[in-house]
1. Within segment 40-99, restricting attention to residues that are among the polar types (S, T, N, Q) and in a helix (DSSP H, G or I), which residue is farthest from F174 (Cα to Cα)?
2. When segment 94-115 is examined, which residues are found to be among the aromatic types (F, W, Y) and in contact with a Ser or Thr (Cβ under 7 Å, 6 or more places away or on another chain)?
3. So how many residues does segment 156-179 have that are without any contact (Cβ under 8 Å) to a residue 24 or more places away in the chain and either outside the structural domain of D54 (by TED's automatic domain parsing) or outside any helix (DSSP H, G or I) (or both)?
4. Can you name the residue in segment 152-190 that is at pLDDT 95 or above and of a type in the set (S, T, N, Q) and is also nearest to Q53 (Cα to Cα) among such residues?
5. Identify, from the list E20, E124, the residue that is modelled with pLDDT of 95 or more, surrounded by fewer than 14 Cβ atoms within 10 Å (Cβ to Cβ) and of a type in the set (D, E, K, R).
6. Which of the residues that make up segment 69-78 are surrounded by 19 or more Cβ atoms within 10 Å (Cβ to Cβ), of a type outside the set (D, E, K, R) and at pLDDT below 95?
7. Among the residues of segment 134-155, write down those that are of a type in the set (A, V, I, L, M) and in contact (Cβ under 8 Å) with a residue 40 or more places away in the chain.
8. Taking the condition over 13 Å from the mean Cα position of the chain (by Cα), under 15 Å from D84 (Cβ atoms) and hydrophobic (A, V, I, L, M, F, W, C), does I104 pass?
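The values are calculated or read from the model by the stated rules, or taken from the named source; none is laboratory data. In this text the structure is predicted, and so the values were computed from the model without any measurement. A quick note on method: Cβ atoms are made from the backbone with ideal geometry, for glycine too, and the neighbour counts reach across all protein chains shown.
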Amino acid sequence: MILIFAGGFTFLMVGTDVYENVQQSIVSTVCLSCIKMYPVPTFEFVFETKNGQDHPNFVIDNLSKGPIFLAYRKDVCDGCEIMDPLVEEVFNVDFGLDDYEDYIDFEGTTIYFRHINVDRTHGEFKDSFDIYGGAGVPMFVALTLGENNGNVEPYHRLEYGTLGLDEDFARIEFLKSMMREAINHYEENK
């Protein structure tokens, strides 16, 4: 019986991509609220991406037109279920589990908004999750322009989870202030 079990397990590991699929979809991307982790906001914009890679092309292309807001989620994510309706309310958009993008008016400024489901997307959109943070979902990135030693460069802020806040009103105000700050940086440096 042990030999049959060991042989079957070995076949699953070597002969199929089950382990890789489980590792990519469940293990590598964590729903922060599912593991009872509620990150505290960092309140800082930075120039360097998490892994030092260049910003994706879709970010560079859209950043020339205005600030950007990226919202990341997974198919199954309690924190995403809390935050997605709030994100939809703040940015006046309507998305489901699939990817969504639009140029929207946020308080008189046109911004590029993109909702990315890391379980359903591919290419540079999926890669952007690891470029900016990749530690878990929900994940929010506001991108703008900043002055770095005399050069104007992409400047971004990353926040996770339910933003360390307990009330929806506070979360909404937090997202709005995050985007307002990005707009201010953009106006100063465009």
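1. Going through segment 40-99, the residues among the polar types (S, T, N, Q) turn out to be 42, 49, 51, 53, 57, 62, 64, 92.
Then keep just the ones that are in a helix (DSSP H, G or I); that gives 57, 62.
Numbers: N57: 28, N62: 23 Å.
Out of the qualifying residues, it is N57.
2. If the condition is that a residue be among the aromatic types (F, W, Y) and in contact with a Ser or Thr (Cβ under 7 Å, 6 or more places away or on another chain), then Y103 is the only one that fits.
3. Count: 3.
4. By that ranking, first place goes to N189.
5. Checking each option against the conditions leaves just E124.
6. Going through segment 69-78, the residues surrounded by 19 or more Cβ atoms within 10 Å (Cβ to Cβ) turn out to be 69-74, 77.
Okay, now just the ones that are also of a type outside the set (D, E, K, R), so 69-72, 77.
Passing the criteria: only C77.
7. Listed by number, the residues that qualify are A135, V137, M139, V141, A142, L143, L145.
8. Answer is no for this residue.
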